[in-house]
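Accompanying notes for the structure given below.
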Amino acid sequence: MDIMEIDAASHTGVDNIREEIIDKVGYRPTLLSKKIIIIDEVHMLSKWAFNALLKTMEEPREWMIFILATTELNKVPETIISRCQVFNFKKVPAWLLINNLRTIADAEQITASDEWLAMIAKLSDGCVRDANKYLDQISVMGEVTADSVGQFLGVVSDQMISDLLEQIKNFQNSGLSDDFERMIGQVEELANKWVDLWNFPKQLMHYADEHFSSDPNFFSS
């Protein structure tokens with residue numbers, strides 16, 4: 001009873017703030033020493049809702065704690081931010097995600113290679129929840145292999161990316177139509193398998209970032 005959570009994405013109006021927060025702040029906590037109100041995606045609140053919330057935050061009750069969560073701090077009014085202590089949460093490093101995935105895989109007896117756990121970690125882009133979700137969903141297909149990860153997430157191995165980039169280099173160096181056809185054929189082969197061509201550029205960027213020092217001229221062109 002002393003912990004409330006409000007999804008601002010679906011409670012954007014001033015009436016929602018009045019009903020869910022302002023009308024209830026006068027009541028002391030029942031069991032805890034503090035009454036905690038969590039507003040998720042707070043940047044989604046309307047201008048009038050922020051104004052109503054501001055009045056409450058300017059003169060908070062001694063037993064009230066507000067936790068405002070957002071992924072777009074720039075959309076939160078400065079008048080609100082100035083009354084908050086801001087904590088910026090960073091993305092979780094890939095190596096830490098891999099360790100976490102390995103712990104889960106071992107505990108759940110999921111057969112998974114380090115290479116493909118690393119691939120899941122890369123695609124999760126620093127989000128633990130996404131990484132765990134991908135592992136859980138892929139494990140339903142059995143062993144976490146190149147095929148299962150590839151088919152589910154529409155991704156390719158680093159070796160396949162390397163082969164494609166090598167073909168691109170060959171065409172850049174020779175300019176021959178045969179090399180161009182081989183390069184296009186390799187892309188079509190990826191498309192005919194399970195590769196998500198919308199997600200593929202993201203993989204290429206990750207690969208280029210990791211291997212930039214090996215061929216800076218090529219990756220800069």
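The values are calculated or read from the model by the stated rules, or taken from the named source; none is laboratory data. This is a predicted model, so every value here is computed, not measured. In this analysis, Cβ positions are derived from the backbone assuming ideal geometry, glycine residues included, and neighbour counts consider all displayed protein chains. Side chains are part of the model used for accessible areas, which takes the heavy atoms of the whole protein and leaves out ligands, DNA and RNA. Shrake-Rupley method; radii C 1.70, N 1.55, O 1.52, S 1.80 Å.
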Relative contact order of region 70-146 (C-alpha contacts under 8 Å, at least 6 apart) in percent is 33
May I ask you to evaluate 6.51 cos²θ - 1.76 cosθ + 1.60, the Karplus curve with θ = phi - 60°, for each residue of region 123-140 and list the ³J(HN,Hα) values in order in whole Hz, giving x for glycine and proline? 5, 6, 6, x, 9, 5, 4, 5, 4, 5, 5, 4, 4, 4, 5, 6, 5, 4
Helix-derived [θ] at 222 nm for the chain: sum -39500 (n - 2.57) over DSSP H runs of at least 4, divide by residue count, nearest 500? -16000 deg cm²/dmol
Which whole-number percentage describes the relative contact order of region 1-135, with Cα contacts under 8 Å and a sequence gap of 6 or more? 21
So how far, in whole Å, is the C-alpha centre of region 160-190 from the one of region 56-101? 47
Evaluate the charge dipole of the chain about its Cα centre and quote only its size in Debye, nearest 20, assuming +1 on the Cβ of each Lys and Arg and -1 on the Cβ of each Asp and Glu. 1160
Quick one: which residues, 5 or more positions from Lys35 or on another chain, have an amide H under 5 Å from its amide H? H modelled 1.01 Å from N in the peptide plane, none for Pro or chain starts. Met64, Ile65
Members of Lys75/Lys202; Lys55/Lys91; Lys34/Lys122; Lys35/Lys90; Lys90/Lys133; Lys133/Lys202 lying beyond 30 Å, as alpha-carbon distances in this model show: Lys55/Lys91; Lys34/Lys122
With every protein chain kept in place and a 1.4 Å probe, the residues Thr56, Thr12 fall, from largest accessible area down, as Thr12, Thr56
Residue (of Phe212, Asn192, Leu101) at the positive-pole extreme of region 73-221, dipole from beta-carbon charges: Leu101
